[in-house]
Amino acid sequence: MNLCVFEDSLVRDSFPITYMRPVFEMRCGMLTLREKIEHRFSGNQIIYHVREYLQEVLVEQFPDALINQLPEEDTFFVNGRLLFNEFYELSEHTNHPVCYRRGNSIAAAFLPGEYIAEIGTHGDETHSLGLSAFDFEEAHEVDWRLLRYPWEFIKVNASEIEADIQRRNLSRTVDPDKFDHSHILNPDQVYIGENVVIKPSGVLDATSGPIIIDDNVDIGHNSTIIGPCYIGKGSQISAVANLKGKVSVGPVCKIGGEVGDTIIQGYSNKKHEGFLGGAYLGEWINLGASTNNSDLKNNYSPVSVPVNGELIDTGMQFYGCILGDHTKTAIGTKINTGSSYGIGCNIFGAGFPPKFIPSFSWGGSEKLVEYHLDQMMDTTKTVMGRRDISVTPAYESLLEHVFTLTARERENYLQTQSM
C-alpha cells in the first residue's frame, strides 16, 4: 500500500514555522507529525506531496521517498496536519474511494489506483492536492485533531510526549550507579539514551510526567528538568538551567535559563539566562543573553497573535511567541506576549519590539529595515558551518524563495511604519 502525506491550503496558518518546511515536519512531543503518521503505516511506500518550492530540499532529506508524484496503485492519503492517533480506524479493505473529513478539511482518504489520476494537483504556494473537489462514494465525518496554528502544537505537547514513548516503545534505562551524583525523582518515568552526561546535582523530576533524554545529551551542573519533557539528540543543557515542564527540545540545541511550555524545532540556542515560555521556535535561532518573553497579559485575558494580517485569539491565557528560522535577538531583548517574528530577523535595541515582525527584518522598537538577503545568507553559512552542516544549493534556493515570497508583506509593513 502507498502512503501519501500531503499539505493542504491551511499550512499558511502555521507561518512562519512552515515557510521553511512542510507542516508535517513540525515537532509535537518527541516526534514530528510525519514520524507519528509513518509509525502507523510502517512498511509502506512513502510519498510526500508538498509546496513546489520545498521539493528540492525534501529530495535531499528523503532520497528514498517519492516527492510530488502520484502512483497508479491504491493509496492512502493523510493530511500532514493530522495528529495521528493509533486508534483511528481506516477502511483498509475496500475497492472504492473513501474520505474522512473534519469540517471543511480532509483528514485522510483512500483511493484505488484507477481513481488517482482524477484528483489533480495545484501548483500554487500551498500545493494542495485536489482531494476536496473529488466526489467520494463514501465519506465519514470524524473528530480527529488537525493542528492548524503553532499554539495548538503547544497545547497538546505534554500529552504527545507521553504518547511518543509508546510509539517508540522506549524502555527505562536509568542506571542508579551511573547517575548517583544526581537526583532522579520517579525513575520509572525517566528514559535516558546512550552517551548521556548528567553533571553533579542535576535534578530530573518525573513526578508530573515522563522525561526523555535522547542520545549524546549533556546536562550541566545544578540544572533542573521537570517532566513532561523531551531533550533531543546532541543537545546541551546549561548549568543551573530550569526546564519547567511541557518542553520539547529538538536535536543539537543549547538551552539555559528558564523554559516552560515550549517547543524548539532543533539547531537553536537559548543558552543564557532569561525566560522563554509558551513559545514555538524554528531552527537556527539564537537568543542573546537575558532575552525574555512575556507569556501573560497584565489583565490576564486570552492572548491574540498576528497571523496572515489578522489577529487570531488563541484562547490561551499563557502564550508567548512564535519565532521563525534563522532569527536572532540581541542581549536584553524583550519579547511581548503573543509576538510573531518571521524568518531571518535580526532584533536588537531598547524597549519592546513590535508584536509582528515580517521576515528578513533588521532592527527593533525604534525602526525596522529590510535585512538584505546576501548579508543574511553569509551569516547563515557561518552559523550552519559551526555545526558542520553545509548550505546546499537547494537550501540556498529555499531561502531565496522565502525572501521573495515575503517581500510584499515586508514592504507593506515598512510603509506603514514610516507613516
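The values are calculated or read from the model by the stated rules, or taken from the named source; none is laboratory data. Computed from a predicted model, the values in this text were never measured in an experiment. Positions of Cβ are backbone-derived with ideal geometry, glycine not excepted, and every protein chain shown enters the neighbour counts.
Annotation: of all residues in the range 164-188 being outside any loop (DSSP other than H, G, I, E, B) and either touching a strand residue (DSSP E or B) at 6+ places or on another chain (Cβ under 9 Å) or among the acidic types (Asp, Glu) (or both), the one that is nearest to ILE212 (Cα to Cα) is ILE165.
Criterion first (over 29 Å from ILE161 (Cα atoms), within 21 Å of the chain's Cα centre (by Cα) and either modelled with pLDDT under 85 or in a loop (DSSP other than H, G, I, E, B) (or both)) does HIS127 satisfy it? Judged against the criteria, HIS127 is a match.
Checked against the criterion of being touching a helix residue (DSSP H, G or I) at 6+ places or on another chain (Cβ under 9 Å) and closer than 27 Å to PRO251 by Cα, the candidates ILE331, ILE343 yield just one match: ILE343.
Counting only strands (runs of 3 or more DSSP E) wholly contained in the range 217-324, the ones carrying 1 or more residues that are more than 20 Å from the chain's Cα centre (by Cα) and at pLDDT below 95 occupy 310-313.
Can you pull out every residue in the range 349-365 that is in a loop (DSSP other than H, G, I, E, B) and of a type in the set (Gly, Ala, Ser)?
Here is the first cut: in the range 349-365, the ones in a loop (DSSP other than H, G, I, E, B) are 349-355, 358-360, 364-365.
Correct list: GLY349, ALA350, GLY351, SER359, GLY364, SER365.
Step by step: first the residues of the range 40-64, then only those that are without any contact (Cβ under 8 Å) to a residue 60 or more places away in the chain and touching a helix residue (DSSP H, G or I) at 6+ places or on another chain (Cβ under 7 Å), then the one that is nearest to MET1 (Cα to Cα). Which residue is that?
Within the range 40-64, the first condition is being without any contact (Cβ under 8 Å) to a residue 60 or more places away in the chain, and the residues that meet it are 40-48, 55, 58, 61-64.
If we keep only those that are touching a helix residue (DSSP H, G or I) at 6+ places or on another chain (Cβ under 7 Å) as well, we get 46, 48.
Numbers: ILE46: 9, TYR48: 14 Å.
Ranking the qualifying residues of the range 40-64, first place goes to ILE46.
If you scan the range 382-395, which residues turn out to be surrounded by fewer than 14 Cβ atoms within 10 Å (Cβ to Cβ) and more than 19 Å from CYS253 (Cβ to Cβ)? Across the range 382-395, the qualifying residues are SER390, THR392, PRO393. Would you confirm whether or not the range 320-329 contains a residue that is hydroxyl-bearing (Ser, Thr, Tyr), surrounded by 13 or more Cβ atoms within 10 Å (Cβ to Cβ) and closer than 16 Å to ILE285 by Cα? Within the range 320-329, one or more residues are hydroxyl-bearing (Ser, Thr, Tyr), surrounded by 13 or more Cβ atoms within 10 Å (Cβ to Cβ) and closer than 16 Å to ILE285 by Cα. Does PHE41 satisfy being crowded, with 21+ Cβ neighbours inside 10 Å, closer than 25 Å to PHE136 by Cα, not aliphatic (A, V, I, L, M) and not assigned by TED's automatic domain parsing to the domain that holds LEU311? Criteria not met by PHE41.
Do the conditions hold for ILE212, that is, is it touching a strand residue (DSSP E or B) at 6+ places or on another chain (Cβ under 7 Å), outside any loop (DSSP other than H, G, I, E, B), of a type outside the set (D, E, K, R) and touching a residue at least 60 places away in the same chain (Cβ under 8 Å)?
On the way: touching a strand residue (DSSP E or B) at 6+ places or on another chain (Cβ under 7 Å): yes; outside any loop (DSSP other than H, G, I, E, B): yes; of a type outside the set (D, E, K, R): yes; touching a residue at least 60 places away in the same chain (Cβ under 8 Å): yes.
Against the criterion (touching a strand residue (DSSP E or B) at 6+ places or on another chain (Cβ under 7 Å), outside any loop (DSSP other than H, G, I, E, B), of a type outside the set (D, E, K, R) and touching a residue at least 60 places away in the same chain (Cβ under 8 Å)), ILE212 qualifies.
Could you please let me know if VAL142 is aliphatic (A, V, I, L, M), under 23 Å from the mean Cα position of the chain (by Cα) and modelled with pLDDT of 80 or more? No: the conditions fail for VAL142.
Give the residues of the range 87-115 that are under 24 Å from SER14 (Cβ atoms) and part of a loop (DSSP other than H, G, I, E, B), sorted by residue number. If you could, list the steps in order and put the result at the bottom.
Step one: of the range 87-115, the residues under 24 Å from SER14 (Cβ atoms) are 88, 99-109.
Within the range 87-115, TYR88, GLY103, ASN104 qualify.
If you go through the range 36-62 and keep only what is assigned to a loop (DSSP other than H, G, I, E, B) and modelled with pLDDT of 90 or more, you end up with VAL50, ARG51, PHE62.
Within the range 335-348, does at least one residue satisfy the condition of being assigned to a helix (DSSP H, G or I) and free of Cβ contacts under 8 Å to residues at least 40 places away in the same chain?
Step one: of the range 335-348, the residues assigned to a helix (DSSP H, G or I) are none.
No: zero hits.
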